[in-house]
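Asks: One structure is given below, represented as structure tokens, and several questions about it will come after.
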Amino acid sequence: MAPCKMEQIDLNLCGLTFDNMKIGICSDHAGYEWKTDLVAYLSGKGYEIVDYGTNSTESMDYPDVAHLLGRAVSDGTVDKGIAMCGTGNGMAITLNKYPKVRAGLAWNEDIAALVKQHNNANVLVMPARFASFETALKMVDTWLNTQFEGGRHQRRIEKIPIQN
């Protein structure tokens, strides 16, 4: 095998393989345009995207698509999720009904980092009516590239499920 050089663009030429992260994505009508642009953006970065809808700007009920994404994250069909609606609240409330889903609502880069660092959010929820698309791109990149801190935060996450 040829020696690997750091400047090589295709790391597979170095004999390395990478598992493509599978990201589920959904939006209501308010987030449809963001969703469409994010699908193209993330696909271009090599992520496998599963689109759970909606497919137009026609008014629809956000729980219909949030439930699809919530089930997919909870059962491991996708590794992570991204959701958008007008405020982000409806999506976050619905998604957080699912076991194994920790949907974090973010409206800027700092919050996007914190929902991963402190809450290990596996779904990023964004308010399409209250942020720019440029900010959305920054939030997505920040969230995807931020590591969970663990430690005391892990202990707190373990206390989230309802104990019967």
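Computed from the coordinates by the stated procedures, all read-outs in this text should not be read as laboratory data. These numbers were taken from a predicted model, which means no experiment stands behind them. Glycine gets a Cβ as well: all are built from the backbone with ideal geometry, and neighbour counts include every protein chain shown.
Asks: Going by average Cβ density within 10 Å per residue, which order do the peptides 138-144, 105-111 take, highest to lowest?
Replies: Details: 138-144: 19.6, 105-111: 17.6.
My ranking of the peptides, most packed first, is 138-144, 105-111.
Asks: Shape call for region 40-136 from the C-alpha gyration tensor, a ≥ b ≥ c root eigenvalues: rounded (a/c under 1.5), prolate (a/b greater than b/c) or oblate? Intermediate values should be presented prior to the final figure.
Replies: Working: a/c = 1.14, a/b = 1.01, b/c = 1.13.
Rounded shape, in that the Cα axes give a/c under 1.5.
Asks: Continuing with this model, one more query. How fast does the chain diffuse by Stokes-Einstein, in µm²/s, taking the Kirkwood radius from C-alpha pairs at 25 °C and 0.890 mPa s?
Replies: Working: Rh = 16.5 Å.
This corresponds to a translational diffusion coefficient of 149 µm²/s.
Asks: Quick one: angle between helix 32-44 and the longest Cα principal axis of the chain, in degrees between 0 and 90, rounded to 10, please.
Replies: It is inclined by approximately 20 degrees.
Asks: Select from 35, 97, 116 the residue whose mean-square fluctuation is largest in a Gaussian network model of the chain (Cα-Cα springs shorter than 10 Å).
Replies: 97
Asks: GNM on the chain, C-alpha springs below 10 Å: top fluctuator among 149, 48, 33?
Replies: So, out of 149, 48, 33, the one fluctuating most is 149.
Asks: Tell me, 94, 77 in order of fewest to most beta-carbon neighbours within 10 Å? Intermediate results must be reported in sequence, preceding the final value.
Replies: On the way: 94 23, 77 13.
Final ranking by Cβ density, sparse to dense: 77, 94.
Asks: Give the long-range amide H neighbours of residue 125: residues separated by 5 or more places, or on another chain, with amide H under 5 Å away, using H modelled in the peptide plane at 1.01 Å from N.
Replies: Here the answer is 83, 104, 105, 106, since their amide H atoms fall under 5 Å of that of residue 125.
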